[in-house]
């Protein structure tokens, strides 16, 4: 009977040690890289990324193909870029308690 208990018993009952080891070996993002990643979007970078995408593909859930954005970049790239930057930069009023759901609502809601 002990044979079968030993056979099906897991050697790793607590995965916490394994997870801690795993997280320790993951590469880390430097503070400088993090600041750049968290910075505002740059239209030139968006345009360069757009030009590397193959045509005929849908880049997101909106279903518009890359060709649409390439064709309308000059007429819509500037305002779209501005709108995209504004939408991706959350307002962070000073002194707010972000742990409270009420404080995370947009002003006036």
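Derivation of every value follows stated rules applied to the coordinates shown; laboratory data play no part. This structure is a prediction, so every number in the text was calculated from the model and none was measured. No Cβ is skipped: glycine too gets one built from the backbone with ideal geometry, and neighbour counts run over all protein chains shown.
List of remarks:
- A simple spin-label model places the labels of residue 64 and residue 52 2.2 nm from each other, with each point 7 Å out along Cα-to-Cβ.
- Taking the number of Cβ atoms within 10 Å of each Cβ as an exposure proxy, the fewest-first ranking of 69, 8 is 8, 69.
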